[in-house]
Structures are given as C-alpha cells and as structure tokens.
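The values are calculated or read from the model by the stated rules, or taken from the named source; none is laboratory data. Given the structure is predicted, the values throughout are model-derived calculations rather than measurements. Don't worry about glycine lacking a Cβ; one is built from the backbone with ideal geometry, like all the others, and counts go over all protein chains shown. Side chains are part of the model used for accessible areas, which takes the heavy atoms of the whole protein and leaves out ligands, DNA and RNA. Shrake-Rupley method; radii C 1.70, N 1.55, O 1.52, S 1.80 Å.
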Amino acid sequence: MADVKKVRVVVIGSGPAGLTAALYTARALYSTVVITGNHLGGQIATTSDVDNFPGFPEGIQGPELTERMRAQAERFGAEFVFDEVTEVDFEHGSPYRVKTYGAEYLADSVVVTIGASPRHLNIPGEVEYTGYGVSYCATCDGFFFREKDVIVVGGGDSALQEGLFLTKFAKSVTIVHRRDELRASTALKKRAFANPKIKFIYDTVVDEVKGETLEGGIRKTTGVTLRNVKTDAVTDQPIDGVFIFIGYDPNSRVFGDQLATNDDGYMLVDEKMRTSAEGVFAGGEIHDFVFRQAITAAGQGCAAALSAIHWLEERGDELQPLEDAAPALETAPGA
Ligand code: NAP
C-alpha cells in the first residue's frame, strides 16, 4: 500500500498556471504539493523565445521562465513532485484522493492545471519517425537540424514562432499550411515573411513521412509526401525534419467523468474557476481554449488558487488534521 500524504492543496500540473497557483497557496501558508507531470513547466518549457510575458522587456527563454516561477513558489514552501497523476477520487468529497505512480495524497483542495498536449497528424510514418526527424518541440530538437532542411506543419502562432526559432539552426524552413491564409498573428507573420530562410507552401497537407533505417537500426526521416488540397496533386519532397504544430488537446482523460468538460474535453469552470466538484478548481489550458497564453494561464492559475484559498478559509475547523495517518485510495469509502 502506498504512503498517503495529507496536504492542504495539491496542484496538478506545472505550467505557468500551476506554478502561479502553487505560489499563491504556499504563500497563503497552505501546505502545497505540485505534481509536475512528466516534465516541469508544460508547454512553455519547450518554447524558445517568450516575448510577451510582461516584466521581461528583452524576452525570456521558456525554460528560464519556468525555473524562475518554480523557484518563487518553492521559496514559499511549495513542494515539487516529479511524477504523474494516475487516478483521482473527486466523487466522495474533500479531502480528495490523488494518486501518482509513486505516492498518494489526501488534499483538502485540488487545483487542476494539467494543460494540453500537442496534436498529432495521424499519418503514416509519424509515429515511426518521431524522435528520428519528426518532432513537436523546436526548442528540444532544433539543435539537431543544423544546416538541414525542415518543414513545419501548421499555420498558427506556434508554427510561425517555432519556425522562426528553427531558422537559427536549419538551412531552410518550409511552412506547410492546409489553407491559403495563415491563422497566426500579424506580428509573427511579419517576422516570418521577412525571414529569408522561411518559405511557405499553402493549400497543402502532409500525407506521409518517409524514412529509412540505417545500420544499427537507427531510423532517419528522408522526406514527406505533400498533397495540394485544391488540385489533389501529390509530390514527394526530400526533407530532414518535420516539426508539427497543429494545436493541442486538453489532458483531461485522467479525470474520467468526475469533472464536467465540454465536448472537446476542456474543463468547465465558473467565474471563480470552480469545477463541477466542490473544492476543486482549474486554470490554464485545461479549460482555456481561447487565449492560451502563458500570461493568461498564470492569471487563471492565480484566480484558481485564490478561490481555493477562500474555500479553505471558509471551511476552517472542518479541515482534515494533517498529522493523522490516512488510508490509501483502494480503501476509499465506496471506492
Ligand atoms: P492553433 O492556433 O489552433 O493553430 C493550429 C494550426 O494548425 C492552424 O493553422 C490549423 O489550420 C492547423 N491544423 C490543425 N489541424 C491540422 C491538421 N490536421 N493538418 C494540418 N494542419 C492542421 O494552434 P497554435 O498555433 O498551437 O496556437 C495555440 C494557441 O496558442 C493560440 O491561441 C495562439 O495564439 C497561442 N500561441 C501564441 C503564441 C504567441 O503569442 N507568441 C505562440 C504560440 C501559440 P487552420 O488555420 O486551417 O485551422
């Protein structure tokens, strides 16, 4: 049976929303455990230049911003657990059970900031060559494409921002977009159009990633099959790397139907960031599919934490005594 740790607040997720939430609850002197997920920082930690987070006039790298936010929350006592949530019990009221691979927590309040994950194209070769030329993270993998030719799939802010970042390394960056008009913001379009290393192919989708297996079993991407959606013309283009930035899906699956979501899986919250379970709050991209900025996520994480703090304060004496031992999830009432 796993050890059960009693805590006032568990924050699930460690992007800007989670790190801000933890800063607030810890600073309000509520014991706070942050379950970080499989990498600290979420999407922002894999973003290169963050130019639009207030307070950094010269811009800041995503990993550095993450580290600064983590250190700030830690300064007030937030505890970071590098683990993933595997199971929760939000159905039997507070204190809530949150189970990870390595431990189990009994939390008076939970702040869900588990974010969203990159969408896949679901085309032949995509899975096979992921890590061997196919990537969803320019910050992580750009370095491996020095003087190489890469394509970026997508027409939104991510595609252009990461495409611009890739020009630091790659010989050429071709942005392949399924329509004839980019979705990205004017500022990013302006920068991308002005960059001599960036080319655009419009009205086109990628149907297949092609590659080969080298000696020793190492795989290598060698090209893509492109299809013009207007003419149906198919061309094979040799390429060294394929970076896919076609949006994100919310990571709400672990909660099953214990928290209300919309049809796309985004968590429903009210104006106080309250989810459908009392004492459980949410912020960031797990519910926000509109703004999706690091700064809006941080703001929503703050709002969710403030609501958690108010909720805990109102409960006062009813809170679980933290020193008592607690039974593990398997023995939860009605579980
Ligand atoms: P997005 O805005 O949803 O754009 C996704 C792009 O991928 C769209 O151009 C879409 O085409 C295309 N796409 C979607 N599914 C596809 C498929 N199956 N095959 C081919 N193309 C496909 O996603 P995002 O660029 O990741 O941005 C997400 C949010 O984060 C946005 O709100 C954005 O403003 C924000 N963001 C901001 C910054 C910044 O401010 N610096 C940077 C990154 C992201 P269609 O256009 O035809 O739908």
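Looking at (1) open to solvent by 50 Å² or more (accessible area, probe 1.4 Å); (2) within 13 Å of the ligand (Cβ to nearest atom), can you tell me which one Glu212 breaks?
Looking at each condition in turn, Glu212 falls short on (2).
If I go through region 127-137 residue by residue, how many of them are away from the ligand (no atom under 11 Å from the Cβ) and open to solvent by less than 50 Å² (accessible area, probe 1.4 Å)? Before the answer, list the steps.
Quick first cut of region 127-137, residues away from the ligand (no atom under 11 Å from the Cβ) only: 127-135, 137.
Filter again for open to solvent by less than 50 Å² (accessible area, probe 1.4 Å), leaving 129, 133-135, 137.
Of the residues in region 127-137, 5 are away from the ligand (no atom under 11 Å from the Cβ) and open to solvent by less than 50 Å² (accessible area, probe 1.4 Å).
What are the pairs, 6+ residues apart or on separate chains, where a residue within region 226-242 that is among the hydroxyl-bearing types (Ser, Thr, Tyr) has its Cβ under 6 Å from a residue that is open to solvent by less than 90 Å² (accessible area, probe 1.4 Å)?
Here the result reads Thr235/Leu226, each pair linking region 226-242 to a residue that is open to solvent by less than 90 Å² (accessible area, probe 1.4 Å).
Please specify each residue of region 55-64 satisfying the condition of being in contact (Cβ under 8 Å) with a residue 60 or more places away in the chain and either assigned by TED's automatic domain parsing to the domain that holds Ala159 or within 13 Å of the ligand (Cβ to nearest atom) (or both).
Answer for region 55-64, where residues must be in contact (Cβ under 8 Å) with a residue 60 or more places away in the chain and either assigned by TED's automatic domain parsing to the domain that holds Ala159 or within 13 Å of the ligand (Cβ to nearest atom) (or both): just Gly62.
When residues of region 138-152 are filtered for being at pLDDT 95 or above and open to solvent by 10 Å² or more (accessible area, probe 1.4 Å), how many remain? Before you say what the answer is, go through the steps one by one.
Here is the first cut: in region 138-152, the ones at pLDDT 95 or above are 145-152.
Among the residues that remain, those that are also open to solvent by 10 Å² or more (accessible area, probe 1.4 Å) are: 145-149.
Going through region 138-152 one residue at a time, the tally reaches 5.
Do any residues in region 176-195 that are open to solvent by 80 Å² or more (accessible area, probe 1.4 Å) have Cβ atoms under 6 Å from those of residues that are within 7 Å of the ligand (Cβ to nearest atom) and not in a loop (DSSP other than H, G, I, E, B), where the two are at least six apart or on different chains, and which pairs are they?
These pairs meet every condition: Arg178/Val205.
Just to be sure before I move on: is Glu313 within 14 Å of the ligand (Cβ to nearest atom) and in a helix (DSSP H, G or I) in the structure I sent?
Answer is no for this residue.
Among the residues of region 244-278, which ones are away from the ligand (no atom under 16 Å from the Cβ), under 13 Å from Asp288 (Cβ atoms) and touching a residue at least 60 places away in the same chain (Cβ under 8 Å)?
Ser252, Met267
Kindly indicate whether Gly41 is open to solvent by less than 10 Å² (accessible area, probe 1.4 Å) and within 12 Å of the chain's Cα centre (by Cα).
yes
Among the listed residues Ala73, Ala78, Ala107, Ala116, which satisfies the condition of being within 14 Å of the ligand (Cβ to nearest atom) and under 27 Å from Arg253 (Cβ atoms)? Talk me through it step by step, then tell me what you get.
Working: Ala73 fails: within 14 Å of the ligand (Cβ to nearest atom); Ala78 fails: within 14 Å of the ligand (Cβ to nearest atom); Ala107 fails: within 14 Å of the ligand (Cβ to nearest atom).
Of Ala73, Ala78, Ala107, Ala116, the one residue that is within 14 Å of the ligand (Cβ to nearest atom) and under 27 Å from Arg253 (Cβ atoms) is Ala116.
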